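*Asks:* Handing you a structure now.
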Amino acid sequence: GAGVSQSPSNKVTEKGKDVELRCDPISGHTALYWYRQRLGQGLEFLIYFQGNSAPDKSGLPSDRFSAERTGESVSTLTIQRTQQEDSAVYLCASSGRGGYGYTFGSGTRLTVV
Amino acid sequence: ELKVEQNPLFLSMQEGKNYTIYCNYSTTSDRLYWYRQDPGKSLESLFVLLSNGAVKQEGRLMASLDTKARLSTLHITAAVHDLSATYFCAPSLRSYQLTFGKGTKLSVIP
């Protein structure tokens with residue numbers, strides 16, 4: 001597609017529920033990244049996928065967080081048993097080889113009540 | 001661990017004035033990005049700086065990189081209201097993972 005697409009754009013969930021966030025990268029981009037942005041803060045790296053290589057999960061804050069990507073296409077970020085501190089905007093980005101065209105999506109604003 | 005410090009964190013400037021935002025980072029990085037973020041919006045890429053001494057300009061914004069000093073600057077010339085936004089610098093650490101500063105919230109006032 002023309003840009004990085006994320007869905008849903010907004011999600012309100014009850015504490016303890018699981019949520020799935022979706023990212024559709026730019027066509028042809030081999031790398032995909034997930035970041036989290038808390039209110040008024042910079043972005044925190046969560047996870048990085050590059051082609052078929054093992055993902056770099058070093059930024060995932062707890063084992064309640066997981067992400068999958070099928071080949072070089074769509075990725076889903078799953079948060080299990082959500083907590084209030086998970087409330088944030090979750091941003092996905094994709095890039096081509098060498099980090100070319102590193103582009104962010106519009107994000108999913110997650111609110112845990 | 002790569003640490004990034006931006007300053008100032010808040011900047012209120014008058015239209016027509018010049019100012020510089022500074023971005024210091026703690027370890028070697030192979031590239032550095034500058035992004036703009038408007039309230040409630042995603043990040044818009046402004047510049048990618050790839051080598052020591054790199055300078056890029058777009059309109060009233062100019063970014064530079066000194067890898068030896070681990071310093072990047074974003075210079076604003078003759079500010080206008082439309083430049084009001086939050087600006088982030090983000091050097092990369094391994095495999096293009098970006099480490100973001102806390103951002104500089106810029107307000108340009110008449």
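*Asks:* Carbon-plus-sulfur fraction of the accessible area of chain B, 1.4 Å probe, in percent?
*Replies:* 49
*Asks:* What is the percent carbon and sulfur in the accessible area of chain A, measuring with a 1.4 Å probe over the protein chains and ignoring ligands?
*Replies:* 44
*Asks:* When N is the residue count of the protein assembly as shown, what does its C-alpha Rg come to as a fraction of 2.2 N^0.38 Å?
*Replies:* For the protein assembly as shown, the normalised Cα radius of gyration is 1.02.
*Asks:* Same structure again: Quote the total accessible area buried by chains B and A together, excluding ligands, DNA and RNA, probe 1.4 Å, nearest 100 Å².
*Replies:* 1400
*Asks:* Just to confirm my numbers, what's the Cα centroid distance between region B:25-79 and region A:52-113 in Å?
*Replies:* One Cα centre to the other: 24 Å.
*Asks:* Write down the accessible area per residue of the protein assembly as shown in Å², having rolled a 1.4 Å probe over the full set of protein chains.
*Replies:* Solvent-accessible surface per residue comes out at 49 Å².
*Asks:* Would you mind giving the three semi-axes, in whole Å and largest first, of the ellipsoid equivalent to region B:36-110 according to its Cα gyration tensor?
*Replies:* 22, 16, 10
The values are calculated or read from the model by the stated rules, or taken from the named source; none is laboratory data. Keep in mind the model is a prediction, meaning the values are calculated, not measured. Each accessible area value is taken on the protein alone, full model and side chains, heavy atoms only, with ligands, DNA and RNA left out. Shrake-Rupley method; radii C 1.70, N 1.55, O 1.52, S 1.80 Å.
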